[in-house]
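Participant: Dropping the structure in here first, questions after.
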Amino acid sequence: MLEYGKQIISGLDPTDFFIVGAITLFSLVSIILFIAIVLSRLYHIQQAIHFEKNTETINNLLLEILFNDKSYFDLMEDKKLQRLLSIPQFRAQLMESVINLHQNYDGEYAESLKKFYVESQLMADSFAKLKHKNWEIKCKGIKELTEMNIKRAYGQLVEISKSNHPILKINALNGCIKINGPQGIIHLANHKYTIDLWTQLNIIDALKKTSLLDTQNIELLLQAKNNSVISLGLKIIRTFRIFEKQSHVEALLQQKHDKHIIKEAENLLATFGTYGKEIN
């Protein structure tokens, strides 16, 4: 039989040999692709089943925390929960549920969720994301930590804000503001990198979502060696009508700066005059 096969192959001319080889290769690739599609489909079905089961477990867990005053340590008496909390997929789903709930609750419920977030080491998971190489995962960690108002994350957010990646930079700066309010951007007085207009507008928008009660030291932005930071400081003073910083704007005009900075400062002082007339 083997000899017969060899005779057939040896009897093929190069064109026939190529056609047979191509058909064989195509058949093998088709079979492999079919198997891969079937396995992928089975995997996604299994993941969906796990997701539904996890959702039910997580909902029951959070109900215990919010309405039955159960702590993380109380829940850990359940061996099944101990095992589930060691599974990355379950922890990721739990994290998403805790963060989403925290966005919609305040007061005692929010405090209970934050306590669970810390005790269950979900906070440690968020800090680990800040060190990830993928910027999207870093942004997710920033969102989680700032939503939970974890003030000890501030130093790391300041470092991340020096990134050249525009979206990551904006998320880090917004996180600094969310944690520390207007004082969260004072560190920009020493910022060495250009803050583009888009980032400046995002910072101002983030400031609008704070109480703006503490604008102390905002004038330090006007003393920066970075023109883009000075421009940001002028925009903040103008947007929020911080009249008490007028003397600092006037002092800025006494120094040597680029024409566009001088022009922006002059326009701001003119605006202050207009506001003063409106008030009087």
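Participant: State the three equivalent ellipsoid semi-axes of segment 173-280, derived from the C-alpha gyration tensor as the square roots of 5 times its eigenvalues, in descending order and whole Å.
Facilitator: Working: eigenvalues 87, 63, 26 Å².
Whole-Å semi-axes of the equivalent ellipsoid: 21, 18, 11.
Participant: Check each of the chymotrypsin sites (Phe, Trp or Tyr not before Pro) in segment 132-197 and keep only those in coil by DSSP with at most 15 other C-beta atoms within 10 angstrom; list them in order. Please list the in-between numbers first.
Facilitator: Working: sites: 135, 154, 193; in loops: 193.
Those satisfying the criteria are 193.
Participant: Can you give the translational diffusion coefficient of segment 105-239 in µm²/s, computed by Stokes-Einstein from the Kirkwood radius over Cα pairs at 37 °C and 0.692 mPa s?
Facilitator: 214
Participant: With contacts defined as alpha carbon pairs under 8 Å and 6 or more residues apart, what's the relative contact order of the chain in percent?
Facilitator: 9 percent.
Participant: Take 269, 66 and sort them by solvent-accessible surface of the protein heavy atoms, 1.4 Å probe, largest at the top.
Facilitator: The ranking, largest first, comes out as 269, 66.
Participant: If you don't mind, another one. Which pairs in the list 133/208; 140/235; 129/169; 169/263 are over 19 Å apart, alpha-carbon to alpha-carbon? Kindly include the intermediate steps, with their values, before the conclusion.
Facilitator: Numbers: 133/208 31 Å; 140/235 29 Å; 129/169 15 Å; 169/263 27 Å.
In this structure, 133/208; 140/235; 169/263 lie more than 19 Å apart at Cα.
Participant: In addition: When the Cα atoms of segment 87-160 are enclosed in a convex hull and the volume is divided per residue, what value in Å³ results?
Facilitator: Given the Cα convex hull of segment 87-160, per-residue volume reads 85 Å³.
Participant: Could you please tell me the mean projected area of the C-alpha convex hull for segment 29-141, averaged over all directions and given in square nanometres to one decimal?
Facilitator: Taking a quarter of the hull surface, the average projection is 9.1 nm².
Participant: Further, regarding this structure: So for 244, 219, what's the accessible-area order with a 1.4 Å probe, most first?
Facilitator: On the way: 244 120, 219 25 Å².
The ordering from most to least exposed comes out as 244, 219.
Participant: Still on this structure, please answer the following. Could I have the simple spin-label model distance between residue 190 and residue 81, label points 7 Å from Cα toward Cβ, reported in nm to one decimal?
Facilitator: It is 4.4 nm.
Participant: Among 131/225; 70/114; 53/79, which pairs are too far apart, with a Cα-Cα distance over 21 Å?
Facilitator: 131/225
Participant: Take residue 132 and residue 119, extend 7 Å from each Cα along the Cα→Cβ direction, and tell me the distance between the two endpoints in nm.
Facilitator: 2.7
Participant: For the chain, state what percent of all Cα-Cα pairs lands in each successive 10 Å bin, counting from 0 Å until the bin that includes the largest distance.
Facilitator: Histogram of Cα-Cα distances, whole percents per bin: 6, 20, 20, 16, 13, 10, 8, 5, 2, 1, 0.
Participant: Hey, what's the chain come to in accessible area per residue, 1.4 Å probe, Å²?
Facilitator: Each residue of the chain exposes 62 Å² on average to a 1.4 Å probe.
Participant: Once you have the Kirkwood Rh of segment 134-201 from its Cα pairs, apply Stokes-Einstein at 4 °C and 1.567 mPa s and quote D in µm²/s.
Facilitator: My calculation gives 110 µm²/s for D.
Participant: Let me ask another. Compute the helix-to-body angle for 166-180: its Cα long axis versus the longest principal axis of the chain, expressed 0 to 90° and rounded to tens.
Facilitator: Orientation of helix 166-180: about 50 degrees from the principal axis.
Participant: Moving to a separate point now. Roughly speaking, to the nearest percent, how much of segment 187-271's 1.4 Å accessible area is carbon and sulfur? Working shown, then result.
Facilitator: Details: 2420 of 4890 Å².
In segment 187-271, the share of accessible area belonging to carbon and sulfur is 49 percent.
The values are calculated or read from the model by the stated rules, or taken from the named source; none is laboratory data. These figures come from a predicted structure and were not determined experimentally. All Cβ positions, even for glycine, are placed from backbone atoms using ideal geometry, and neighbour counts span all protein chains on display. In case anyone asks, the SASA skips ligands and DNA or RNA and just uses the protein heavy atoms, side chains included. Shrake-Rupley method; radii C 1.70, N 1.55, O 1.52, S 1.80 Å.
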